[in-house]
Amino acid sequence: CVDQLLEVSYVLSQGCSLHPFSLFGSVLLTCPTAGLASMVASSRSYADFTPEKVDLHRLEEGPPLTATLTREEGLKYYRTMQTIRRMELKADQLYKQKIIRGFCHLYDGQEACAVGIEGGITLSDHLITAYRAHGYTLTRGGTVREIMAELTGRRGGIAKGKGGSMHMYTKNFYGGNGIVGAQVPLGAGVALACKYLGNDQLCVSLYGDGAANQGQIFETYNMSSLWKLPIIFICENNQYGMGTSVERSSASTEYYKRGDYIPGLRVDGMDVLCVREATKFAADHCRSGKGPILMELQTYRYHGHSMSDPGVSYRTREEIQEVRSKSDPISMLKDRMLSNNMASIEELKEIDIAVRKEIEDAAQFATTDPEPPLDDLCSHIFANDQPFEVRGATPWTKLTSTS
Amino acid sequence: LQVCAFLLRSGFTEMVVNVRDALNQAMDEELERDERVFLLGEEVAQYDGAYKVSRGLWKKYGDKRIIDTPITEMGFAGIAVGAAFAGLRPICEFMTWNFSMQAIDQVINSAAKTYYMSAGAQPVPIVFRGPNGSSAGVAAQHSQCFAAWYGHCPGLKVVSPWNSEDARGLLKAAIRDDNPVVFLENELMYGVPFDLSEDVLQKDFVVPIGKAKVERRGTHITLVSHSRCVGFCLDAASVLAKEGVECEVVNLRTIRPLDVDTIEASVMKTGHLVTVEGGWPQYGVGAEICARVMEGPAFNYLDAPAVRVTGVDIPMPYAKILEDHSVPQIKDIIFSVKKVLNM
């Protein structure tokens, strides 16, 4: 019955020139005949993305519908996306080997968002996101080595093994935040600092479709607009908040409109150029002093919510496969470059090989670097402070904290 | 402040300043000293502060540095923390600490833990301040003491001033500290005047965070307290002195880190301990003090079990007679001292 549904809605979708995912919403069914009485299937089909399609809210005009990609940019985006992809897949492997523990939320499928956004801003701008943060840690200047070593909890990790998957920081990148939605007001605070200091910088604050209903985000919309803060709100809509599809969580799934009085735009988050052009447009809006703007990126994650979620109880393998075959961000960029003679297959293969090696080396480091020293247990409680005593597990265990 | 300066120049070495003005002057001086310091909260600007603690600051510093927020604690506390991430030094006011519960995730998870999670990459130089604990007739939802709640969490410094010197010095210390500080004021203390010496009125006067002060020396029993209850302890001590009991009164000033050394030294001298707080007894400040004394060298000097005087373990009632009986009174302190001393 799942197959039939997909077939039907796919046929219907071919007649529509609408953007993906919109169509008819999803119909939730149980399939007792399939012997999976508790399985829920979505009838959503996946139409091909129309490139450079942009939906606007309270905007007279949007980003340009065409974009120029130089060879250099293309190769850079390709390499970065491929690096994120392979890094996340390696993390998957290491997690299954129990070398990575706890929470691990993987970003494969969404690479065009992180890479495209970075293409539209500079490293002197600021960015904050939630827990699906490995890709951003990379685009914001972290290295694969220090990211992987953080995942494996080693002293060479980007947070010296103290933070883990959800708490990685670099210059002008404020994590990595574990509490859904909390990062959005934080991002507005960073934007307030930009305006206060008059440095023409802005802050990109990301959140997912799951977080989009958080009250504190609406509080942030309000204050950012009142005070005209240079903030770009970006909703990475990957269709599912953990196991809950957007239709089941949100009375309105038009996340780009949820800012109400804040102008918004919705673009294809699988197309790195769309993301870049939209980000540039949004950045111009902010820097011209107009205040906040909201972007919705329609994207998809191949993995489940985290490594403890197989990701197939609330969506079908067919859906995942369809996205992979029709809208993979890396394949899309690759095809574009090849068909426009911007690169050769061999060249791209060489990049793949180099990336593979980089990941292997990083994994090697991440699995052999020692864990943090026990002396580090209590350090980094306070900044710029004298060392002080910390109570251990018993009254006789006296530990020391240094800054 | 101009009056202060005039009087100082004219040879007056002391000033009478109430707690509200002490806080106001401290903020004014710190705003002037460091461009990155700013104040945000409900009614802090054009209303001059719900309790007038920020009177005159908006007029002097303007919209950029004194910011009125909408009634959205979670949002503006998060914004304040984000501003601290990016290098500013915010003072985030909660109109009372009861409303901080709406924003407590930002205080604990975004502010307190970040320096640790980032292994020292991201300091958070922020002060959260506002009135804490019971007031008068404001009933259950507006009367809770949060000293134990915030005092529980590593990554926070938690201070609770009693008098004007505490208020001035601790607020300056808090603003100059590169870490998140929870600053627990007391509404009923705002209007209480105290003498401030010339030293205290200096612009760089700070009270170190983490050091308690012995307000009154004594030999028979140690009373440890914070905030408004320190005054009650001193009043109880005066009454008890007439009966020949000399109380040593320790003003904690800081809840976290707790100055265990000063408490232990006092207990080792007097052999008796009573803690006094306005908050509820279970898992409270007094409970922590007693546990620490048990675990340390001072235990062997105790001639009687240590005892706590606390708020009554109920939501705060409204009717005056009920409210009066919900908080520790001077007679409760005297009664407990006599019990502990077996008088």
| Heavy-atom accessible area of A:THR122 with all protein chains present, probe 1.4 Å, nearest 10 Å²? | 70
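Chains B and A: buried accessible surface, both sides, probe 1.4 Å, rounded to 100 Å²? Write out the running numbers ahead of the final one.
Details: alone 15180 and 18490 Å², together 30270 Å².
Answer for the B-A pair: about 3400 Å² buried.
Quick one: compute the contact order of region B:164-227, relative version, from alpha carbon pairs under 8 angstrom and 6+ residues apart, as a percent.
Worked out over region B:164-227, it gives 50 percent.
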| remark: Sorted by chain and then number, the residues having a modelled amide H within less than 5 Å of the amide H of B:THR222, at least 5 places away or on another chain, are B:GLU248, B:HIS272, B:LEU273, B:VAL274
| message | Nearest 500 deg cm²/dmol is fine: what mean residue ellipticity at 222 nm does chain A get from its DSSP H runs of n ≥ 4 alone, each adding -39,500 (n - 2.57), divided by its residue count? | response | -12500 deg cm²/dmol
| said: Apply the Karplus curve 6.51 cos²θ - 1.76 cosθ + 1.60, θ = phi - 60°, to the phi angles in region B:38-49 and return the couplings in whole Hz, x for Gly and Pro. | reply: 8, 10, 9, x, 6, 6, 6, 8, 5, 7, 6, x
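At a temperature of 10 °C and a viscosity of 1.306 mPa s, determine how fast the protein assembly as shown diffuses translationally according to Stokes-Einstein, using the Kirkwood radius over alpha-carbon pairs as Rh; express D in µm²/s, rounded to the nearest whole number. Kindly include the intermediate steps, with their values, before the conclusion.
Numbers: Rh = 28.3 Å.
D, rounded to a whole number, is 56 µm²/s.
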| How large is ³J(HN,Hα) for each residue in region A:218-233, as worked out from phi by the Karplus curve 6.51 cos²θ - 1.76 cosθ + 1.60 (θ = phi - 60°), to whole Hz, x for Gly and Pro? | 5, 4, 6, 3, 4, 5, 4, 6, 3, 9, 6, 7, x, 10, 9, 7
| said: Using the basic label-point model (7 angstrom from Cα toward the beta carbon), what is the A:SER124 to A:ASP200 distance in nanometres? | reply: 0.7
| Accessible area, 1.4 Å probe, largest first: how do A:ARG101, A:ARG301, A:ARG58 sort? | A:ARG101, A:ARG58, A:ARG301
| field | Most mobile listed residue (B:LEU322, B:LEU223, B:LEU302) in chain B, GNM with C-alpha springs under 10 Å | value | B:LEU322
| message | Suppose we keep just the DSSP beta bridges with both residues in chain A; what percent of those would be antiparallel, to 5? | response | 40
| query | How much accessible area per residue does region A:190-331 have, in Å², with a 1.4 Å probe? | reply | 30
| query | If you plug each phi of region B:19-31 into the Karplus form 6.51 cos²θ - 1.76 cosθ + 1.60 with θ = phi - 60°, what whole-Hz ³J(HN,Hα) values come out, in order, with x for Gly and Pro? | reply | 4, 4, 5, 4, 5, 4, 5, 4, 5, 4, 5, 6, 4
| query | What residues qualify as long-range amide H neighbours of B:MET95, i.e. H under 5 Å apart, gap of 5 or more or another chain, H built at 1.01 Å from N? | reply | B:GLU42
| Under a GNM of chain B (C-alpha, springs under 10 Å), which listed residue has the highest mean-square fluctuation: B:SER135, B:SER227, B:SER160? | B:SER135
| task | Could you tell me the accessible area of A:GLU236 in Å² (1.4 Å probe, neighbours in place), rounded to the nearest ten? | result | 20
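Taking every DSSP beta bridge that has both residues in the protein assembly as shown, what percent is antiparallel when rounded to the nearest 5?
Looking only at bridges with both residues in the protein assembly as shown, the antiparallel portion is about 30 percent.
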| With each pseudo-label sitting 7 Å past Cα toward Cβ, what's the B:ALA304-B:ASP235 distance in nm, one decimal? | 2.2
| What is the distance, in nm, between label points placed 7 Å from the Cα along the Cα-to-Cβ direction at A:THR368 and at A:LEU89? | 2.4
| Percent RCO, i.e. relative contact order, over chain B, from Cα pairs under 8 Å lying at least 6 residues apart | 15
| query | So what's the angle, to the nearest 10 degrees on a 0 to 90 scale, between helix A:2-14 and the longest Cα principal axis of chain A? | reply | 70
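Which percent of the accessible heavy-atom area of the protein assembly as shown goes to carbon and sulfur, probe 1.4 angstrom?
On the way: 16210 of 30270 Å².
The value for the protein assembly as shown is 54 percent carbon and sulfur by accessible area.
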| message | Just to be sure I understand: with springs between alpha-carbon atoms less than 10 Å apart, which residue in B:GLY62, B:GLY82, B:GLY41 has the highest mean-square fluctuation in the Gaussian network model of chain B? | response | B:GLY62
| said: From the alpha carbon gyration tensor of chain B, can you work out the equivalent ellipsoid semi-axes (sqrt of 5 times each eigenvalue) and give them in Å, largest to smallest? | reply: 33, 23, 20
| request: Could you pull out the pairs from A:LYS195/A:LYS290; A:LYS171/B:LYS172; A:LYS398/B:LYS211 whose alpha carbons sit more than 22 Å apart here? | output: A:LYS171/B:LYS172
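The values are calculated or read from the model by the stated rules, or taken from the named source; none is laboratory data. The structure displayed is predicted, hence computed values, not measured ones. With ideal geometry, Cβ positions are generated from the backbone for all residues, glycine too; neighbour counts draw on all protein chains shown. Quick note on the areas: whole protein, heavy atoms, side chains included, nothing else; ligands and nucleic acids left out. Shrake-Rupley method; radii C 1.70, N 1.55, O 1.52, S 1.80 Å.
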